[in-house]
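Structure record follows, encoded as structure tokens.
The values are calculated or read from the model by the stated rules, or taken from the named source; none is laboratory data. All values reported here derive from a predicted model rather than from experimental measurement. Methodologically, a virtual Cβ is constructed for each residue, glycine included, from the backbone with ideal geometry; neighbour enumeration extends over all protein chains shown.
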Amino acid sequence: MNLLPILVVSALLLALRVSGSTLEARTCGVPSDAVPFYRSFSSSRQDYWYSPDGTAVSTAIRAGYELQEVIGLIFLTQEEGTAPLYHLVDATHQLYTMNITEVAVQEQHGWSGSNLNPPTLYIYPDQVCGSIPMYRLFSAATEGYFYTTSSAERLEFIQNEGYADVGITGYILPLGCS
């Protein structure tokens, strides 16, 4: 029995598997470089506030915000496969988007960018590397945005809190990702 064809096919399959995993490794950020993305809430302002900066979160807590949770992990520097997450603010609310056209439109409506030049937050534009969706919701009543990675929480806010689904902002790493 000639084993050469079997060995050749096995070697090709192994090469494809190795090449695929190498490609995956090259297109993913280093998970240990990712930092927590905190969510806080101010009931007096009816405002959700998000930040990867623990010092800024502490300042927000002293100003009346309550820390709710870490919704996932994001990058502070450009990593393989990531793109900028722009952070805009108006008088009382926060907006996060990966869409530079939306940034320009919102700036015409009074929003200003806190991290535009250069961007300081990065996430995945597509669901790769074990990332999870970061959903964006909008409340017409408060004119504020809400972000979550929990599909159950997303549905709760749509069904019971009066929020509308805006879509997926981008993809972030889940807690415990390594």
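Annotations for the structure displayed:
- T77 vs. criteria touching a Phe, Trp or Tyr at 6+ places or on another chain (Cβ under 8 Å), part of a loop (DSSP other than H, G, I, E, B) and either under 15 Å from Y145 (Cβ atoms) or among the hydroxyl-bearing types (S, T, Y) (or both): yes
- In segment 46-78, residue surrounded by the most Cβ atoms within 10 Å (Cβ to Cβ) [restricted to those that are small (G, A, S) and more than 13 Å from the chain's Cα centre (by Cα)]: A60
- Residue match in segment 20-28 (condition: under 26 Å from Y96 (Cβ atoms), surrounded by 10 or more Cβ atoms within 10 Å (Cβ to Cβ) and either among the aliphatic types (A, V, I, L, M) or at pLDDT 90 or above (or both)): yes
- Meets criteria (under 21 Å from Y38 (Cβ atoms), surrounded by 13 or more Cβ atoms within 10 Å (Cβ to Cβ) and touching a residue at least 12 places away in the same chain (Cβ under 8 Å)) for G81: no
- Taking the criterion of being at pLDDT below 95 and of a type in the set (S, T, Y), the residues of segment 78-96 that qualify are Y86, T92, Y96.
- Segment 151-174, subset in contact (Cβ under 8 Å) with a residue 60 or more places away in the chain and either surrounded by fewer than 15 Cβ atoms within 10 Å (Cβ to Cβ) or not aliphatic (A, V, I, L, M) (or both), residue farthest from Q94 (Cα to Cα): P174
- Being modelled with pLDDT under 95 and among the basic types (K, R) holds for only one residue in R136, R45, and it is R45.
- Any chance R154 is within 29 Å of C177 (Cα to Cα) and basic (K, R): yes
- Any chance T148 is touching a helix residue (DSSP H, G or I) at 6+ places or on another chain (Cβ under 7 Å), surrounded by 15 or more Cβ atoms within 10 Å (Cβ to Cβ) and within 19 Å of F41 (Cβ to Cβ): yes
- Selection of segment 135-157 for residues being in contact with a Leu (Cβ under 7 Å, 6 or more places away or on another chain) and either farther than 28 Å from C28 by Cβ or small (G, A, S) (or both) yields only F157.
- Every residue from segment 84-101 that is surrounded by fewer than 20 Cβ atoms within 10 Å (Cβ to Cβ), without any contact (Cβ under 8 Å) to a residue 40 or more places away in the chain and out of contact with any Pro (no Cβ under 9 Å at 6 or more places or on another chain): V89, D90, A91, N99, T101
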